[in-house]
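Structure first, commentary second.
The values are calculated or read from the model by the stated rules, or taken from the named source; none is laboratory data. None of the values given here were measured: they were computed from a predicted structure. So basically every Cβ, Gly included, is an ideal-geometry build from the backbone, and we count neighbours across all protein chains shown. Heads up: the accessible areas ignore ligands, DNA and RNA and are worked out on the full protein's heavy atoms, side chains in. Shrake-Rupley method; radii C 1.70, N 1.55, O 1.52, S 1.80 Å.
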Amino acid sequence: FSIISHEYQSLLDKETIKGLYKIANETKVDKIPFLQYDGVLLGHHIKSAVMRHLLSSNIDLKKDENLLREYTFSTLASYESSKRLLLKIQPKFVLSSHGVYSTWGGALEACKKLEVEVMVWGRGYVGGNIVISRNQSYLYERAIESRTYWENTHLNIEEKEKLNKYFLAKRNPNSSVDHVNYYKGIKDSKVQNIYEVLDLKKDRVKFALFPNIPWDGTTFSASYTFPTMELFFEKTINWFKKHPEYDLIIRAHPAELKNKGLETIKDLIDSIFAELPSNVYFLKADHQVSSYEIEEISDVCLMYASTMALEIAYFGKTVIQAGQSNVSNKGFIFEPKSIEDYESLLEKAANQELIMTDEMKERVEKYAYHWIYKRHIPENTYEHKSLTFTKYNLNSSMDLAPGKNKVVDWFIGRCEDGKPFIWEE
């Protein structure tokens, strides 16, 4: 494709590099997560990079100091080299992956500083298709997207059937409707008696909690009320400790089985509690009872920011979410504004006073269609299987010329007209 490469070392002179190392090495370690440079906050990108490296939400300022300083330098280098490149070539638009971590995060902030429009893309779960936002990471933009893009839409019968078919397929462990399926290969057989297996009583109100991977949830889904998953678990389990008449079932994320060295939910819980109350049940990632089976017997579902929130709400079950995700601010889940508000929501849910209204059910249906089929842009330039590259659908760069590829034409058009990246044929 005749790409011209620009390297950090060709953009940064020795004196600049020396100065960046000085900042990285002399900033007090506890100030690094809040570091500002050139009037721009870069600390959260440094922190996200370290958590991604460690696969842990727990950063030990003493033990991980060298790692923090190394990522501080790489974030500064990414920001400074990107800024110089932008001034040098003066692009009309920039295309970037993710918009977080030390590399893309630094580049994104440079674009924002110089007011160069940047389109940030990533692959969503739905078919591995593309999600794009403008001037911020799609991981954050999805939480604040305006309802006006979908709330006044009307789904016809075919669209409703298409949506229902997707959500039912997601529950099949051998489904491929999402590019990631953590239950794939698991025998599709339900446990005959969940109550007996888990030693549960049928007549008690049951809450199900479906957590994120700790580092992932903390990086992308922190909210003002619950900036960490640790705080969320602490407040949640303590509430059930005070209310032994209700049950809480925590089902670990199945992705914990796929990553060695990953900080698990059990690690997080063990760092807070020596032992769990008798009414709190913890199921490991490899437990025979699936998340969907737990959902079926539960009265209320608790989330930090799991992708399950959308499908659980779609099937009409009450969801309380503490963090930020694509379903935030959409009007069909319950989101606490404070710790006190969260505890109040738990109390109402326990008393069966917190239910989805017909309006909320209609809203979740509209948003689900919007998110799955409008925000996920079809991929047709190359083929992949579970994000593993298979082949290009291009013979030459001329296949990307105007009028040759409808998706590419649409994308360029959206860059030019400033409209949101909401797919339309």
(request) Give the distance, in whole Å, between the Cα centre of segment 214-246 and the Cα centre of segment 332-356. (result) 14 Å
(request) Between ASN135 and ILE422, take the C-beta separation as r, use R0 = 25 Å, and let me know the FRET efficiency to the nearest 0.05. (result) 0.95
(message) I'd like the distance separating the alpha-carbon centroids of segment 80-145 and segment 269-295, in whole Å.
(response) 37 Å
(message) If you take every DSSP beta bridge fully contained in the chain, what fraction is antiparallel? Give it as a percent rounded to 5.
(response) 35 percent
(message) I need the shape label for segment 268-425. Rule: rounded when a/c is under 1.5, else prolate if a/b > b/c, else oblate, with a, b, c from the alpha carbon gyration tensor.
(response) prolate
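Dividing the alpha-carbon radius of gyration of segment 133-289 by 2.2 N^0.38 Å (N being the number of residues), what value is obtained?
1.24
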(request) Assuming a ≥ b ≥ c are the square roots of the Cα gyration tensor eigenvalues, decide whether segment 334-425 counts as rounded (a/c under 1.5), prolate (otherwise, with a/b larger than b/c) or oblate. (result) prolate
(request) Calculate, for ARG147 and ASN174, the FRET efficiency according to 1/(1 + (r/R0)^6) with r their C-beta to C-beta distance and R0 35 Å; round to the nearest 0.05. (result) 0.50
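First compute the accessible area of the chain with a 1.4 Å probe, then give the percent of it belonging to carbon and sulfur atoms.
Whole-percent figure for carbon plus sulfur exposure: 50.
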(request) Counting only C-alpha contacts under 8 Å and six or more residues apart, can you give the relative contact order of the chain as a whole percent? (result) 14 percent
(message) Normalised radius of gyration for segment 108-147, please: alpha carbon Rg relative to 2.2 N^0.38 Å, two decimal places.
(response) 1.26
(message) So if each residue of separation counts as 0.36 nm, and I subtract the Cα-Cα distance between GLU15 and VAL40, what length gain in nm does that give?
(response) 6.9 nm
(request) Return the distance in nm (one decimal) between the two label points of a simple spin-label model at MET398 and LEU276, each offset 7 Å from Cα along Cα→Cβ. (result) 6.3 nm
(request) Please list 393-405, 108-120, 410-422 highest first by mean number of surrounding beta-carbon atoms within 10 Å per residue. (result) 108-120, 410-422, 393-405
(request) Let me know the charge dipole size of segment 313-358 about its Cα centre in debye, to the nearest 20, where only the beta-carbon of Lys, Arg (+1) and Asp, Glu (-1) is charged. (result) 220 debye
(request) Compute the FRET efficiency between LYS112 and ILE23 as 1/(1 + (r/R0)^6), taking r as their Cβ-Cβ distance and R0 = 25 Å, and round to the nearest 0.05. (result) 0.80
(request) State which entries of LYS235/LYS266; LYS31/LYS62; LYS28/LYS260; LYS88/LYS404; LYS165/LYS317 exceed 21 angstrom in Cα-Cα distance in the structure shown. (result) LYS28/LYS260; LYS88/LYS404
(request) Hey, could you get me the Stokes-Einstein D for segment 16-157, Kirkwood radius over alpha-carbon pairs, 37 °C and 0.692 mPa s, rounded to whole µm² s⁻¹? (result) 200 µm²/s
(request) Write down the accessible area per residue of the chain in Å², having rolled a 1.4 Å probe over the full set of protein chains. (result) 51 Å²
(request) Can you pull the one-decimal nm distance between simple spin-label points at ASN238 and GLU65, each 7 Å off the Cα toward Cβ? (result) 3.1 nm
(request) Please name whichever of ILE46, ILE377, SER5 sits farthest to the positive end of the charge dipole of the chain, dipole taken about the Cα centre and charges placed at Cβ: Lys and Arg +1, Asp and Glu -1. (result) SER5
(request) Return the tail of the calculated pair distribution for the chain, meaning the percent of Cα-Cα pairs more than 35 Å apart. (result) 35 percent
(message) Rounded, prolate or oblate, given the Cα gyration tensor of segment 52-103, with a/c below 1.5 counting as rounded?
(response) oblate
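About its Cα centre, what dipole magnitude does segment 288-415 give when the only charges are +1 on Lys and Arg Cβ and -1 on Asp and Glu Cβ, stated in debye to the nearest 20? Mind showing how you got there, number by number?
Values: 14 positive and 19 negative charges, 189 e Å.
So the magnitude is around 900 debye.
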